[in-house]
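Accompanying notes for the structure given below.
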Amino acid sequence: MTPLLEVEDLRVSFPTRHGRTEVVRGVSFSLGRERLAIVGESGSGKSQTGRAILGLTPPPGKATAARLNFEGQDLRNATPKQWRDLRGRRISLVMQDPKFSLNPVMTIGRQLMEAATRTSQTRAEAKDHALAMLEAVQIRDPLRVFKAYPHELSGGMGQRAMIAMMLIPEPDLLIADEPTSALDVTVQIEVLRILDRLVTDRGMGLIFISHDLRLVSSFCDRVLVMYAGKVVEELRASNLAQAQHPYTQGLFNCLPKIEGGIRPLPTLQRDAEWAR
Amino acid sequence: MTLYWSREWLLAEQPASRRQARVGQAYRTWLALRTNRMAMVGLTIIALLILMAIFAGVLAPFDPIQGGDLRTERLQPPSWTHLMGTDDLARDIYSRILYGSRITLMVVSLVAVIATPVGLLVGTIAGYFGGWIDNVLMRITDIFLAFPQLVLALAFVAALGPGIENAIIAIAITSWPPYARLARAETLTIRNADHIAAIQLQGASSARIIWGHVVPLCLSSVIVRVTLDMAGIILTAAGLGFLGLGAQPPQPEWGAMIAGGRQFIIDDWWVATMPGIAIFVVSLGFNFLGDGLRDVFDPKVRK
Amino acid sequence: MTFDASEQEGRRGALPPWLKRLGSLFITLVVTLFGLLLVTFMIGRVVPIDPVLAAVGDRASASTYHKVYLALGLDKPIWEQFLIYVNQVLHGNLGESVLTSRPVLEDIGTVFPATLELSTVAILIGTLVGIPAGVLAAVRQGRLSDQVVRVLGLVGYSAPIFWLGLLGLLLFYAKLGWVSGPGRLDVGYQFSVDRITGLMLVDTALEGQWDAFWNAVSHIILPASLLGYYSMAYISRMTRSFMLQELGQEYIITARVKGVSERRIIWGHALRNAAVPLVTVVALSYGNLLQGAVLTETIFAWPGLGMYLTNSLGSADMNAVLGSTLVIGAAFVALNLLSDVLYTFLDPRVRRQQ
């Protein structure tokens, strides 16, 4: 069986005054219907990796790859129409902060309908579908949220609406780019739980992009650790404690533990060698 | 010091003196500006304008005020003798345009010299002190902004009497409010900066802080704005001249020259067209330069 | 102080936010109009013309002179004179024009529709061309069409409007004969159209005089396009920069991920957001058209407020000059207020605050 997604030697570069700078430098992995985490600090290229898979590298940036297949379909030279058919229906993306990722001058309902009308026959059916999806992300009063503008919702509500919007067409792959980082800690767990359930129930593939190694280890099957645009280590989430790479160990160890642990917390030592 | 004025000295990562830092910053700005083709075209035009004004006496083949023979040299089309033709008083238009550059340059620089300090002072004082001072000063600024510039300038000139000096005063009076707004906004962002607090703790007076520390920080953005406005100032001055409220005849002011050629526009097109081209090229130059400066100082606007 | 009132209301929190916003806008309006009056009053004071002599003529006797001097309130302290002035203006008295011997307000009432018509047609042209041009430039950023829009805009910023007007008349009227010349109508139609609204296009249409209507169109098209070009320069530039800003926002990525068509992303998502600040831009350029109208009207012999103002300037008719200045200033302020109100209704974040 072909994997859901195959990525080989993905590179993303941006022009600067001193020529092109690569922010993603040869990332390769393949993904089945499983939960893969991409972990790294800000600037490690993890978000650009996620965007490149959707063909959304912002101009003037450029993404190239030796292989970029989605269910066997080569995405490298996909036409705008092919991309449009793929995005939303097959691959979706949840971004960090609903304050920015929702259109501020459109009601949540209209934004949901944009996604829902693509897979429904009639508008009424689309609306039912959208409202049902709002309920599925555990919004108690879907009709109120449907009529609301984004600024009228709390961060957690907004992010649930965002997840609902992205799952309406029932995609095969969901890319979640720091989906809980902008939320309060208590809300984070709730949103994660909702995301977890939906992904499991619908048997989707998930790429979970995060800077939080601990969070990821409890939530995903496999972890890619990125540093300076490269994958420095790939391992099963359950084996994180046995990480080989000093960077992964550093990331893992500098998290505070409830049961005492070390004090002061060690700072992360970086080695120029890793970036080579 | 001058020994160190090399490329390395200018681009040093760690400048040794404040002067080196400042000069180095200016040099970097220049480097960025130099790659902007439009800005360079604008700069060239302005340089040519300045040269024209300085050497008008040498370059002009005829007297700008005293015309030739009214019977034979009146309203001549452009030729090798009269590059841009002659007007109804048999004066060589080319020579008049050359001398007119002096008036244009004078208007632009005087307005800038009067309006920039006023705007800076009002804006920084309002932003630095805040409270009711801010309220009163900004309300006054808003009132001036409530009039379209040309109309207010017209009313002032009507009251003061026509003439180039009064036109300059009127344009200056109506030009400072946007600079005050800008300077205030800049001041608000730096007012609470740590280095300002440090100077306050050293017991520096407010006047000293505003003049020595706030004004220099606002200066660059205000200068960019003034450059952008130069073209507008030239057009307003030309408009006043066209309406007979600016420079008085027989002075070779470009706007007034267009007004003079207006009645001959159908048969003798060059009389009104030539000075118009001069105004157009010069304000285009200022607009090109201003646009380029904005690119350099505010890269967000145009990537 | 007056402008603190809105803040205090805010603390009480009794009114809905948008109403409070309108309330504070209204206070701003009153203060600004008061300031306008102060400015015109002061300009009136520095005039070297003796207002009494201007009213009675230089052959009047000393007693007549003194009587008018007292009647104009010139013996009173300056602040009282200002109050008298404010009172008069509030009662619609802008003084009498020396040139026409009619009340200035009446004169302005007669000429204003011509300016209104000209600037409205111009702003329509400027907006309908400027916004699509700006959108195009933003979407095709850095490419040829972007450069063309940019250069066209800079040319609009740089050419003196009265000069372009003269060239336009020379080319399109005198040489090519595509449009009609100066004025609002050909002489033949001038007395056949009754004044209903004062807007020539509307009046001729209402009366069903289609010949006259098309004649009016051929007269207005050149000056209106010229003025429209200037507002187009500004509008397209601002549209471009607002659009670039919006197209870089994350909600655009969201829309792309949803598979929304590019056309809908540009016109439905990005422009809808850019429209909020664009309203202010359009209102401001509408106000600036009043200024451009002063010069354009003199060129095209367009009997509007601008020509009235320049004619009064020529004959040192200060009442008329200050009256027109005041009206233009007030119109400017009113447009600003209107844009603020529209802003409130276009932006749900302001309209529906919690």
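Since every read-out is calculated from the coordinates, none of them should be taken as a lab result. Keep in mind the model is a prediction, meaning the values are calculated, not measured. Positions of Cβ are backbone-derived with ideal geometry, glycine not excepted, and every protein chain shown enters the neighbour counts.
Annotations
- Between the residues A:F146, A:L31, A:S120, the greatest Cα displacement towards the positive end of the dipole of the range A:1-147, with unit charges on the Cβ of Lys, Arg, Asp and Glu, is found for A:F146.
- When each of the peptides A:163-174, C:295-306 is scored by how many other beta carbons lie within 10 Å of its residues on average, the order from highest to lowest is C:295-306, A:163-174.
- Counting other Cβ atoms within 10 Å as a rough exposure proxy, the listed residues C:E250, A:E233 run C:E250, A:E233 from fewest neighbours to most.
- Rounded FRET efficiency, nearest 0.05, which uses the C-beta distance separating A:R110 from C:I78 and R0 of 51 Å: 0.30
- Helix screen, chain A: DSSP H segments with Cα axial length of 24 Å or more and mean Kyte-Doolittle hydropathy at least 0.0 are A:185-202.
- Remark: relative contact order (chain B) = 22 percent; criterion is Cα-Cα distance under 8 angstrom and separation of 6 or more residues.
- Rounded D (µm²/s) - the range C:110-314, Kirkwood Rh over Cα pairs, Stokes-Einstein at 37 °C, 0.692 mPa s: 178 µm²/s
- Taking the C-alpha atoms only, the angle from helix B:270-297 to the longest principal axis of chain B is near 10 degrees.
- Protection proxy ranking, highest mean first, for peptides B:19-31, B:101-113: B:101-113, B:19-31, where packing is the per-residue count of other beta-carbon atoms within 10 Å, averaged.
- B:V58/B:Q248 FRET efficiency (R0 22 Å; Cβ-Cβ; nearest 0.05): 0.25
- Nearest-ten-degree value, helix B:37-54 long axis tilted from longest Cα axis of chain B: 60 degrees
- Multiplying the residue separation of B:V113 and B:A26 by 0.36 nm and subtracting their alpha-carbon distance yields 29.2 nm.
- Listed residue (B:Q202, B:A231, B:T187) projecting farthest to the positive dipole end of the range B:177-255, Cβ model: B:Q202
- Kyte-Doolittle mean at least -1.0, axial Cα span of 30 Å or more - DSSP H helices of chain C: C:17-46, C:104-139, C:210-247, C:271-300, C:318-346
- Distance between the modelled labels on C:L342 and C:S315, one decimal in nanometres: 3.8 nm (7 Å Cα→Cβ projection).
- Think of the protein assembly as shown as a dipole: +1 on every Lys or Arg Cβ, -1 on every Asp or Glu Cβ, centred on the Cα centre; then among C:M42, C:G259, C:L116, C:G259 lies furthest on the positive end.
- Its DSSP H runs of at least 4 residues, each contributing -39,500 (n - 2.57), put the calculated 222 nm mean residue ellipticity of chain C at -24000 deg cm²/dmol, to the nearest 500.
- Burial ordering of B:F55, B:F286, fewest other beta-carbon atoms within 10 Å first: B:F55, B:F286
- For chain B, adding -39500 (n - 2.57) for each run of n ≥ 4 DSSP H residues and dividing by the number of residues yields -23000 deg cm²/dmol at 222 nm.
- R0 of 25 Å, Cβ-Cβ distance C:Y65-C:V31: FRET efficiency to nearest 0.05: 0.10
- Across the range C:110-314, C-alpha contacts under 8 Å between residues 6 or more apart give a mean separation that, scaled by the residue count, equals a relative contact order of 37 percent.
- For chain A, relative contact order (Cα pairs under 8 Å, six or more residues apart, normalised by length) works out to 24 percent.
- Only the Cβ atoms of Lys and Arg (+1) and of Asp and Glu (-1) were treated as charged; on that basis the dipole of the range C:110-314 about its Cα centre amounts to roughly 940 debye.
- With both labels modelled 7 Å from their Cα along Cα-to-Cβ, the A:T200 to B:Q66 distance reads 10.3 nm.
- Magnitude of the charge dipole, the protein assembly as shown, Cβ model with Lys/Arg +1 and Asp/Glu -1, debye to 20: 2520 debye
- A simple packing score, the average count of other Cβ atoms within 10 Å per residue, orders the peptides B:250-262, C:210-222 as B:250-262, C:210-222, with the highest score first.
- Cα-centre dipole for the range A:23-155 with unit charges at Cβ (Lys and Arg positive, Asp and Glu negative), debye to 20: 340 debye
- Net charge contributed by nearby residues that have their C-beta within less than 13 Å of B:V214 (K/R +1, D/E -1): +2
- Proximal aspartates and glutamates relative to C:K67, as straight alpha-carbon distance under 15 Å, when same-chain residues fewer than 8 apart are discounted: C:D50, C:D58, C:D75
- Taking a Cβ cut-off of under 12 Å around B:R191, the surrounding Lys, Arg, Asp and Glu residues balance to a net charge of -2, with basic ones at +1 and acidic ones at -1.
- Where labels lie 7 Å past Cα in the beta-carbon direction, separation of A:S28 and B:A197 in nm: 5.3 nm
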